[in-house]
Amino acid sequence: MGGFTGADQHGHITTFGRGGSDYTATIIGSCIKADEIWLMSDIDGLMTADPKIVKNAKLLKEVSYIEAIEMALFGAKQIHPRTFEPLLTKKIPMKIRNSFNLKNEGTLVTDSPSKSTKNTVKCVSNIRHNGLIDIRGGSMVGTPGTAAKIFATLAKASINVMMISQNPSESSITIVVKNTDLDKAVNALEMELLGKIIKKLEVTTDVAIIALIGLGMRGTVGVASKVFGAIEKNKVNVAMITQGSSELNLAFVVKDADSNIAVQALHEAFELDKIN
């Protein structure tokens, strides 16, 4: 059946955007309680890094749903993050395979990957062409609702915030947006909040988000030390760092010009060419 048509909220027939066919496949697979779902495209599967950046990038034989979602969010453009949603409750395994290379088994995406595949880091990815905004103000300290006002202002201007970091003193919040949204974001914040809760805005253009993804990072001592040791060795400056409590994803911001060097250095540091 056709996999890229559906209906909008008004019931009008329309086409889905990127990943529509894959999303349709997983919805149908979930409804019929399929044993396994295959997504066939022109790629072998999920990789340890972009092979255009890292020549010895390796195919990942097995990853978890949440790792695959993170990879999709951080640069694995061949698959949309929502593709996995229908599979989560039914725990249906999925394979990402290449229609032109059937000898390759591709990547298996499953609820519980085997212990042998639980590497500390599985993937290093990057998202380029972003802007960083450092929002500062003494009146932000201890004032309830400051972050809410900042993000409500940006939401009103239809700006998606890709990354957030706040220091413990609460005197500054740093956000990352796409370069194309940067001017609009700064204008919205200046018009609505400058001189009130915000005293100063500092902007850095052309930055890249570098993300390390892997369930094996959880509870493993020394991951951050290894990451920033490799970055420092290659004389790359880090402008911002975030890591969630799940420890599934460690992300930081560097200059666009340094993004390829950073990815290559981390791929080498964690020996991802020897994965599987």
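Given the criteria free of Cβ contacts under 8 Å to residues at least 60 places away in the same chain, outside any loop (DSSP other than H, G, I, E, B) and not acidic (D, E), does G6 qualify?
yes
I'd like the full set of residues that are part of a loop (DSSP other than H, G, I, E, B), at negative phi and either surrounded by 18 or more Cβ atoms within 10 Å (Cβ to Cβ) or within 16 Å of the chain's Cα centre (by Cα) (or both), limited to the range 223-274.
Scanning the range 223-274 gives V236, G244, S245, S246, L248, F270.
Just to verify a result, which residue in the range 10-32, among those that are outside any loop (DSSP other than H, G, I, E, B) and of a type in the set (A, V, I, L, M), is surrounded by the fewest Cβ atoms within 10 Å (Cβ to Cβ)?
Here the answer is I13.
From V203, V176, grab the single residue that is modelled with pLDDT of 95 or more, crowded, with 17+ Cβ neighbours inside 10 Å and more than 30 Å from I275 (Cα to Cα).
That would be V176, the only listed residue that is modelled with pLDDT of 95 or more, crowded, with 17+ Cβ neighbours inside 10 Å and more than 30 Å from I275 (Cα to Cα).
Restricting attention to the range 76-92, and to residues there that are touching a residue at least 60 places away in the same chain (Cβ under 8 Å) and crowded, with 18+ Cβ neighbours inside 10 Å, which single residue is nearest to S112 (Cα to Cα)?
I92
Let me spell it out: the conditions are (1) at pLDDT below 90; (2) assigned to a helix (DSSP H, G or I); (3) not hydrophobic (A, V, I, L, M, F, W, C), and T220 meets all of them except one. Which number is the exception?
Result: T220 fails condition (2) only.
The values are calculated or read from the model by the stated rules, or taken from the named source; none is laboratory data. Predicted model only: the values in this text are computed from it and were never measured. When we count neighbours, we look across all protein chains shown, and the Cβ atoms used for this are built from the backbone with ideal geometry, even at glycine.
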